[in-house]
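Enquirer: Have a look at the structure that comes next, please.
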Amino acid sequence: MTVDSWDSLIGHQRIIKALQRAASDDTPHHAYLCLGPEGIGKRTTARLFARALVCEAPERRPCNTCTSCRQADAGTHIDLLYEGPEAKGKSISVAQVREIQRKLAYRQTGARFRVVVIDEAGALNADAQNKLLKTLEEPPARTVLVLCALHAGLLLPTVRSRCQKLLFGPVTSEELQGWLVAEHNAEPLPAA
């Protein structure tokens, strides 16, 4: 399922509002660390935030209609990079981090921001994390890095300290029930 707007996300309202504000005001932090269990929504939120940062619309980002949004949807936006393990159970190598840094050395194409989303950042081996550290300490102008991981202990303290941490917790049963009623015409549960 593709999530194309902030309204499509369930729960995590404090995080979502902060990321929406950062995208609409052009004031994102240079690095975020999205932490939480598998399937909680951190990856979806990170990808939506990345799309909002490259969107060309003056408001309501992502607009889902501008060239940048269409390129982001197609996976062809040159200023939107996604990285992760090459295979399940594999680590993210120094060579992969080096490739990210090589791409970041190129001039931006005109997007408001260049965004790198590193999925399963806990799979970065120690050497790769140390290699990424330079980019986290001194990112190129208008570059935002978003790392997603199960928990902070998978990353070196030096990496964690350079990121704004976003802790994704369980979605409440009330939020889930509201979503099921609104989106799937489910019958509301009677009050207990």
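The values are calculated or read from the model by the stated rules, or taken from the named source; none is laboratory data. Everything numeric in this text was worked out from a predicted model, so none of it was measured. Heads up, the Cβs are rebuilt from the backbone with ideal geometry, glycines too, and the neighbour counts pull from every protein chain shown. What goes into the accessible areas is simple: the full protein's heavy atoms, side chains included, and nothing from ligands, DNA or RNA. Shrake-Rupley method; radii C 1.70, N 1.55, O 1.52, S 1.80 Å.
Enquirer: T65 fails exactly one of the following numbered conditions: (1) free of Cβ contacts under 8 Å to residues at least 12 places away in the same chain; (2) among the polar types (S, T, N, Q); (3) within 28 Å of R98 (Cβ to Cβ). What is the number of that condition?
Expert: (3)
Enquirer: Something else: Cβ-Cβ below 8 Å, separation at least six or inter-chain, first residue in segment 17-41 and within 23 Å of R60 (Cα to Cα) and without any contact (Cβ under 8 Å) to a residue 24 or more places away in the chain, second of a type outside the set (S, T, N, Q) and open to solvent by 70 Å² or more (accessible area, probe 1.4 Å): which pairs?
Expert: T27/R21
Enquirer: Can you pull out the helices (runs of 4 or more DSSP H) entirely within segment 75-192 that have at least 2 residues that are of a type outside the set (K, R) and open to solvent by 80 Å² or more (accessible area, probe 1.4 Å)?
Expert: Per the criteria, 126-137, 173-184.
Enquirer: Scan segment 56-70 residue by residue and report those that are open to solvent by 70 Å² or more (accessible area, probe 1.4 Å) and more than 24 Å from G11 (Cα to Cα). Reasoning before the result, please.
Expert: As a first pass, look at segment 56-70 and keep what is open to solvent by 70 Å² or more (accessible area, probe 1.4 Å): 56, 58-60, 65, 70.
If the condition is that a residue be open to solvent by 70 Å² or more (accessible area, probe 1.4 Å) and more than 24 Å from G11 (Cα to Cα), then E56, P58, T65, R70 are the ones that fit.
Enquirer: If I filter segment 12-32 for residues that are assigned to a helix (DSSP H, G or I), buried (at least 19 other Cβ atoms within 10 Å of the Cβ), of a type in the set (K, R) and modelled with pLDDT of 95 or more, do I get at least one hit?
Expert: No, segment 12-32 has no match at all.
Enquirer: Which one of the conditions (1) over 30 Å from E138 (Cβ atoms); (2) of a type outside the set (K, R); (3) touching a residue at least 40 places away in the same chain (Cβ under 8 Å) does A46 fail to meet, given that it meets all the rest?
Expert: (1)
Enquirer: May I pose another question? Residue by residue through segment 40-55, note down the ones that are surrounded by fewer than 23 Cβ atoms within 10 Å (Cβ to Cβ) and touching a Leu at 6+ places or on another chain (Cβ under 8 Å).
Expert: Of everything in segment 40-55, those that are surrounded by fewer than 23 Cβ atoms within 10 Å (Cβ to Cβ) and touching a Leu at 6+ places or on another chain (Cβ under 8 Å) turn out to be G41, T44.
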